[in-house]
Amino acid sequence: MFFLYNLLLIFAGFLIKIIALFSPKVKLFVDGRKTVFSTLSDKIKASDKTIWFHAASLGEYEQGLPVLEKMKSQFPNHKIVLTFFSPSGYEVRKNNAIADVTVYLPLDSKSNVRQFMKIVRPDMAFFIKYEYWPNYLNELKKHQIPTYLISGIFRENQLFFKWYGSFYRKALNTFEHFFVQNSKSKELLLQLGKTNVSVSGDTRFDRVAAILQKDNSLDFISDFKNNQLTVVVGSSWPKDEHLLVDFINSTKHPVKFIIAPHNIKSEQIQELKNNISKKTVLFSEKENKNLSDFDVFIIDTVGILTKIYSYADIAYVGGGFGNPGVHNILEPATFGVPIVIGPNFSHFAEATALVNMEGCVSVSNQNELNDTFENLIANEDIRHEKGHICSTFVEMNKGATDVILRHILNENLN
């Protein structure tokens with residue numbers, strides 16, 4: 001099976017290079033990997049001790065950040081090596097201040113894996129949530145390197161639990177310990193005979209709770225808000241924006257809107273702006289503007305949405321009208337903001353929980369969106385009640401990082 005897997009990897013690597021000729025995102029994926037080994041060699045000496053964290057993309061990075069920060073504090077003499085699989089993670093966080101080295105993960109070929117492990121030589125390895133690369137895991141096991149899965153989540157439809165999934169089931173033998181988000185994941189692993197499992201919860205709660213301790217002020221957002229009720233739209237897609245623009249254009253309430261689209265391509269941003277009839281300004285055009293004069297602020301940049309949520313009276317989180325579904329609702333939740341989302345959220349435990357608790361409202365069409373916003377805008381008590389549900393939900397689910405660290409420190413320091 002390994003032979004077939006490695007053969008498919010060779011074919012995939014060739015195919016990706018062809019696709020890169022036509023896709024800017026895939027080109028980043030290919031070009032970003034060309035200098036990985038030289039970067040690693042430049043930044044890691046033979047005498048260095050390292051700890052390796054791997055995140056598929058941006059969401060997994062944010063999820064693993066609390067553990068990464070704690071490990072860096074507990075092991076100050078180790079260099080932290082952070083790898084990303086996706087450009088949407090690497091390109092946004094390649095200049096992060098927490099890791100000592102941040103690179104793309106080379107494709108899971110035998111030669112890449114051997115070279116990566118020869119340079120990095122990690123004392124420990126952490127995979128965040130998912131991504132099980134057989135050659136990397138096999139090499140980690142071969143060298144007896146303690147490997148952990150943090151904030152893992154397992155579902156019955158994954159390959160591990162199919163009759164034909166033995167190849168991937170063997171990959172799970174690498175892990176020293178599985179720290180999973182829920183009891184269902186633990187039950188599924190127990191069915192495979194894995195007893196080295198702890199239900200630690202989701203480290204994202206620790207990450208978003210810590211945001212409250214940071215300086216989240218943005219002067220230009222304060223100027224725009226100008227003490228008026230403000231709706232913040234985060235990570236929106238065109239299907240979200242179609243409904244939102246209709247409401248923005250028609251509402252008579254004196255409300256400000258901040259829109260941070262998921263995709264900030266200039267043509268899509270301009271189309272969004274053109275569809276809005278109210279006075280609108282882009283982040284890229286904000287200089288020398290009296291921002292308080294505008295009704296809508298479109299954020300055509302990345303990296304500041306979390307801080308912007310701190311100014312929200314109501315939040316709309318996008319993605320819920322597409323697949324796989326809604327984006328991260330925990331960031332607005334931690335600020336105690338009532339949240340509106342689209343109908344596709346069932347794959348996300350935190351969204352399902354908050355909808356059931358009524359801190360978050362799911363809408364399926366234009367009328368439902370209009371009615372929900374009208375209700376939230378007109379009723380301060382309802383806003384505060386739903387916002388309190390959201391912030392309490394985050395507070396009550398903290399602690400996954402401490403569970404993980406206690407276990408790892410007991411194993412490695414005793």
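The values are calculated or read from the model by the stated rules, or taken from the named source; none is laboratory data. Every value quoted in this text rests on a predicted model; they were computed, and no experiment measured them. Counting neighbours? That spans all protein chains shown, and the Cβs are built from the backbone with ideal geometry, glycine included. Side chains are part of the model used for accessible areas, which takes the heavy atoms of the whole protein and leaves out ligands, DNA and RNA. Shrake-Rupley method; radii C 1.70, N 1.55, O 1.52, S 1.80 Å.
In terms of accessible area, using a 1.4 Å probe and ignoring ligands and nucleic acids, Tyr130, Tyr309 rank largest first as Tyr130, Tyr309.
Summary value for the chain: 12 percent relative contact order, contacts being C-alpha pairs under 8 angstrom separated by 6+ residues. Highest mean first, the peptides 145-152, 288-295, 331-338 sorted by other C-beta atoms within 10 Å per residue fall in the order 331-338, 145-152, 288-295. For the stretch 62-168, the dipole from Cβ point charges (+1 on Lys and Arg, -1 on Asp and Glu) about the Cα centre works out to 260 debye, to the nearest 20.
For Leu159 and Glu411 in the same chain, what is the full-extension length gain: residue separation times 0.36 nm, less their Cα-Cα distance, in nm? Intermediate values should be presented prior to the final figure.
Numbers: separation 252, 0.36 × 252 = 90.72 nm, distance 3.00 nm.
This chain segment gains 87.7 nm when fully extended.
Take 385-391, 312-318 and order them by the average number of nearby Cβ atoms within 10 Å per residue, most first; the result is 312-318, 385-391. Annotation: lysines with alpha-carbon distance below 17 angstrom to Lys25 (same-chain offsets under eight excluded): Lys17, Lys34, Lys94, Lys265. Cross-link partners of Lys70 among lysines, defined as those whose alpha carbon lies under 16 angstrom from its own and excluding same-chain residues fewer than eight positions apart: Lys79, Lys398. Placing unit charges on the Cβ atoms of the charged side chains and taking the dipole of the stretch 1-99 about its Cα centre, the candidate lying farthest along the positive direction among Leu4, Ile44, Val26 is Ile44. Can you find, among Leu282, Val326, Gly359, the residue farthest towards the positive end of the dipole of the stretch 215-397? Put +1 on the C-beta of Lys and Arg, -1 on that of Asp and Glu. Toward the positive end, the furthest listed residue is Leu282. Just to confirm the number: angle between the C-alpha axis of helix 400-413 and the first principal axis of the chain, 0 to 90 degrees, nearest 10? Computed tilt is about 20 degrees.
What is the angle, in °, between the Cα long axis of helix 2-19 and the longest principal axis of the Cα atoms in the chain? Nearest 10 is fine, range 0 to 90. Taking the Cα atoms of the chain, the angle to 2-19 is about 40 degrees. Taking the longest Cα principal axis of the chain as reference, the axis of helix 266-275 is set at about 30 degrees.
Label zone (Met1, point 7 Å along Cα-to-C-beta; backbone nitrogen cut-off 18 Å) within the stretch 132-156: 132-142, 155-156. Residues whose amide H comes within less than 5 Å of that of Val233, counting only those at least five positions distant or on another chain, are Ile258, Ile259, Ala260, Tyr316 (H built at 1.01 Å from N in the peptide plane). For semi-axes √(5λ) of the Cα gyration tensor in Å, several values are listed as (1) 49, 30, 21; (2) 42, 29, 18; (3) 39, 24, 21; flag the one computed from this structure. Here the calculated entry is (3).
Modelled this way, with points 7 Å down the Cα-to-C-beta line, the labels at Ser198 and Lys94 are 3.6 nm from one another.
How high is the relative contact order of the stretch 80-133, in percent, with contacts defined as C-alpha pairs under 8 Å that are six or more residues apart? This gives 31 percent for the stretch 80-133. Charge dipole of the chain (Cα centre as origin; +1 on each Lys and Arg Cβ, -1 on each Asp and Glu Cβ, all else neutral): 1960 debye, rounded to the nearest 20. Residues considered: Phe84, Phe179, Phe220. Largest GNM mean-square fluctuation over the chain, using C-alpha springs under 10 Å, is found at Phe220. Taking a sphere under 15 Å around the Cβ of His384 and counting the other residues whose Cβ falls inside, with K and R at +1 and D and E at -1, yields a net charge of -3.
Rank Leu172, Tyr130, Leu140 by how far each Cα sits towards the positive end of the charge dipole of the stretch 124-172 (+1 on Lys, Arg Cβ; -1 on Asp, Glu Cβ) and give me just the farthest. After comparing all options, I get Leu172.
Among His54, His347, His384, the largest mean-square fluctuation in a Gaussian network model of the chain, built with springs joining Cα atoms closer than 10 Å, belongs to His347. Contact order for the stretch 191-338, expressed relative to its length and based on alpha carbon pairs under 8 Å spaced 6+ residues apart, stands at 31 percent. Using 0.36 nm per residue and subtracting the Cα-Cα separation, the extra length available between Glu271 and Phe167 on full extension is 32.7 nm. For Leu282, nonlocal amide neighbours, meaning residues 5 or more places apart or on other chains whose placed amide H falls under 5 Å from its own, are Ile298. When the helices of the chain are scored as -39500 (n - 2.57) per DSSP H run of n ≥ 4 and the total is divided over every residue, the value at 222 nm lands at -14000 deg cm²/dmol.
For the residues Gly322, Gly359, Gly193, a GNM of the chain with alpha-carbon springs under 10 Å puts the largest fluctuation on Gly193. Treating cross-link reach as a plain straight distance, find the aspartates and glutamates whose alpha-carbon is under 13 Å from the alpha-carbon of Lys307, omitting any fewer than eight places away in the same chain. The reachable aspartates and glutamates, counting only those whose Cα sits under 13 Å from Lys307, are Asp215, Asp219, Glu331. Taking the DSSP beta bridges with both ends in the stretch 213-336, the antiparallel portion is around 0 percent. Please identify which residues in the stretch 118-158 have an amide N closer than 15 Å to a label point set 7 Å out from the Cα of Thr39, following the Cα→Cβ vector. Answer for this model: 120. Averaged over residues, the count of other Cβ atoms within 10 Å places the peptides 399-408, 181-190 in the sequence 399-408, 181-190, highest first.
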